[in-house]
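One structure below.
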Ligand SMILES: Cc1cc2nc3c(=O)[nH]c(=O)nc-3n(C[C@H](O)[C@H](O)[C@H](O)COP(=O)(O)OP(=O)(O)OC[C@H]3O[C@@H](n4cnc5c(N)ncnc54)[C@H](O)[C@@H]3O)c2cc1C
């Protein structure tokens with residue numbers, strides 16, 4: 001029987017392993033951490049449960065039917081702190097709540113919509129900024145998208161390829177007058193006003209439920225992949241464990257995969273240099289009293305604060321904080337060259353910004369704090385990224401290596417998309433093994 005090795009047990013690697021098992025194929029899986037989950041891990045501190053990054057379940061594909069996992073239906077308010085002189089907060093998505101804008105801005109949006117409808121230009125946008133402008137119009141671009149996307153990506157928007165996957169919807173005339181306003185979609189993509197979350201508290205219940213369906217003897221934790229030898233078809237781990245493969249599934253970040261390959265061709269190393277990203281500082285805070293805002297997810301395009309998103313997880317997941325208290329999560333994107341920030345600087349700036357926006361009055365109520373860095377945060381497509389990706393993936397596939405998941409495929413994905421990517425990879429292996 002051919003040897004199938006799965007490395008990386010985030011939700012994509014777990015979904016791949018579940019599908020291989022369901023189809024009767026044997027595999028061995030390795031993960032560098034002590035627990036499965038990757039980005040969907042959680043930490044428990046002083047009665048608070050903090051997710052590694054704020055995570056909500058926006059859709060539940062069929063795979064969820066096989067899990068022993070209780071989910072809560074959540075509905076929460078989200079808010080946008082607009083880029084105006086006066087602090088102005090309106091619900092997300094902005095396109096669906098245009099009637100909350102002051103009259104002067106509504107008139108400008110009205111004129112943008114008329115212009116767009118009159119032009120109906122078929123010219124393809126040359127970059128991400130032009131793409132957003134063609135969808136949102138100049139006024140919403142200035143009020144929200146320009147500031148938000150610049151802070152989220154920390155990359156010049158004109159240097160980003162227009163084809164970078166995103167979900168920006170155009171505004172419609174009716175929404176200027178509050179007709180057809182809905183609270184079901186977020187301003188920058190996800191349908192985050194209604195979602196699901198593990199009832200017991202902590203997104204890690206999802207990967208834990210997934211791994212519980214797998215044979216434990218096949219899962220090996222604390223195995224850090226340190227070398228891939230494509231000639232010998234062998235992987236080596238930092239603890240010196242070695243294994244041979246016929247098919248290798250990798251969901252670790254693509255730049256790391258390429259750097260671990262022995263004798264990798266120069267063209268492939270050069271292609272990996274086209275993989276741009278921004279890192280994320282994530283500050284989780286536990287407070288001994290409730291916070292005053294009523295919303296749970298706040299988006300901040302304003303340039304006078306560093307963070308682009310603030311989440312109050314205890315507003316949708318009561319089990320994540322002790323009674324009478326709240327938890328807060330703040331995300332700041334950074335990059336060593338494009339936007340360098342030390343841990344000390346980011347902490348100071350976050351607290352100053354939270355005070356300025358009236359989200360947190362003082363630091364006195366903080367009982368616990370956890371700041372950590374996510375190296376691969378947001379994936380960014382430059383103008384050469386797609387071609388570089390095609391080259392790297394073809395090279396890996398020729399050598400029996402399949403990449404899956406958000407950072408393996410190098411594509412923005414929700415958890416459900418990452419799971420589907422794992423399932424699709426399992427099907428490719430099943431097809432390859434039955435061809436023989
Ligand atoms: C801040 C943030 C918030 C998000 N919020 C949401 C949300 O609300 N809803 C949603 O649906 N999606 C959300 N996402 C997207 C979601 O997290 C991802 O799509 C999904 O978790 C990706 O899973 P994955 O398995 O592809 O990758 P990962 O979770 O990154 O899994 C990769 C695995 O590989 C392991 N690994 C890495 N290197 C090695 C090595 N050398 N050896 C062995 N193992 C290794 C890692 O430990 C990890 O377990 C969010 C993402 C971020 C960054």
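The values are calculated or read from the model by the stated rules, or taken from the named source; none is laboratory data. Predicted model only: the values in this text are computed from it and were never measured. Please note: Cβ atoms are built from the backbone with ideal geometry, for glycine as well, and neighbour counts cover all protein chains shown.
Annotation note: of 426, 432, the sole residue that is away from the ligand (no atom under 16 Å from the Cβ), in contact with a strand residue (DSSP E or B) (Cβ under 9 Å, 6 or more places away or on another chain) and within 17 Å of residue 6 (Cα to Cα) is 432.
Conditions tested, residue by residue: (1) free of Cβ contacts under 8 Å to residues at least 60 places away in the same chain; (2) farther than 27 Å from residue 145 by Cβ; (3) away from the ligand (no atom under 16 Å from the Cβ).
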{"position": "233", "(1), (2), (3)": "no, yes, yes"}
{"position": "245", "(1), (2), (3)": "no, yes, no"}
{"position": "264", "(1), (2), (3)": "yes, yes, no"}
{"position": "268", "(1), (2), (3)": "no, yes, yes"}
{"position": "272", "(1), (2), (3)": "no, yes, no"}
{"position": "278", "(1), (2), (3)": "no, no, no"}
{"position": "297", "(1), (2), (3)": "no, no, no"}
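Looking at region 392-423 only, could you name the residues that are assigned to a helix (DSSP H, G or I) and surrounded by fewer than 17 Cβ atoms within 10 Å (Cβ to Cβ)? Residues satisfying the conditions are 394, 397, 398. For region 235-290, filtering for residues that are touching a helix residue (DSSP H, G or I) at 6+ places or on another chain (Cβ under 8 Å), buried (at least 17 other Cβ atoms within 10 Å of the Cβ) and closer than 30 Å to residue 362 by Cα leaves 4. A single member of 9, 34, 25, 39 is surrounded by 24 or more Cβ atoms within 10 Å (Cβ to Cβ) and within 18 Å of residue 250 (Cα to Cα), and it is 9.
Among the residues of region 53-80, the ones that are within 15 Å of the ligand (Cβ to nearest atom), crowded, with 20+ Cβ neighbours inside 10 Å and under 30 Å from residue 292 (Cβ atoms) come to 6 in all. In region 398-406, the count of residues that are in contact (Cβ under 8 Å) with a residue 12 or more places away in the chain, within 14 Å of the chain's Cα centre (by Cα) and near the ligand (Cβ under 7 Å from one of its atoms) is one or more.
When region 1-26 is filtered for residues that are within 19 Å of residue 408 (Cα to Cα) and either outside the structural domain of residue 216 (by TED's automatic domain parsing) or outside any helix (DSSP H, G or I) (or both), the ones remaining, listed by number, are 4, 5, 6, 7, 8, 9, 10.
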